[in-house]
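The block underneath contains the structure these notes are about, expressed in structure tokens.
The values are calculated or read from the model by the stated rules, or taken from the named source; none is laboratory data. Nothing here was measured: the structure is a model prediction, and the numbers come from that model. Neighbour counts are summed over all protein chains in view; Cβ atoms, including those assigned to glycine, are modelled from backbone coordinates with ideal geometry. Surface areas here come from the heavy atoms of the whole protein model, side chains and all, with no ligands, DNA or RNA. Shrake-Rupley method; radii C 1.70, N 1.55, O 1.52, S 1.80 Å.
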Amino acid sequence: MRKKIIAISLVLVISVGIGVGVKYYKNTESVQTKEESTVVSNKKQELEIMKYQGDVLDVKPNQITIKTKDKAITYTTDKNTIIQEGTTLLSNPDGKGNIEVDLTTCLKLGMKVNILAQEDKVFNVQWEQLSLQKS
């Protein structure tokens, strides 16, 4: 009888321990997920503020002016700006270091471009390949 009571008590203690452990794990995981989702949400909002899309109004070797829905904006690129046509990188084709790209050789007036910029710093200029753009 005594062995039976000890066995039942042992099973009960192990079950309670497992239950408490699972509850702690679930609470810890949900807290991390909430914090992570907040960070991801904030980063998405930042990124949305940084994205611009529009038609090319003017283009110079290292400067582009685009017409967005609201206004015309001029951006200046440098050797650190990623320039890409479709998925092809033009500013760093061989991976050995960024080079400045002459935008006048790549862009034409009226083309649609996507720009990722924050204030006066341009991170990326991208457009679809000419053969894919609709006239």
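Observations, loosely collected:
- The residue list Leu89, Leu109 contains one member that is under 20 Å from Gln129 (Cβ atoms), exposed (fewer than 12 other Cβ atoms within 10 Å of the Cβ) and not charged (D, E, K, R), which is Leu109.
- Only listed residue being more than 28 Å from the chain's Cα centre (by Cα) and hydrophobic (A, V, I, L, M, F, W, C), chosen from Val56, Val20, Val40: Val20
- Of the residues making up the stretch 50-77, those that are free of Cβ contacts under 8 Å to residues at least 40 places away in the same chain, out of contact with any strand residue (DSSP E or B) (no Cβ under 7 Å at 6 or more places or on another chain) and either open to solvent by less than 90 Å² (accessible area, probe 1.4 Å) or of a type outside the set (Asp, Glu) (or both) are Lys69, Lys71.
Every residue, every condition in (1) modelled with pLDDT under 90; (2) among the small types (Gly, Ala, Ser), yes or no:
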site	(1), (2)
Glu48	yes, no
Asp58	no, no
Thr65	no, no
Ala72	no, yes
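- Residue count, the stretch 32-78 (criterion: assigned to a strand (DSSP E or B) and of a type in the set (Asp, Glu)): 2
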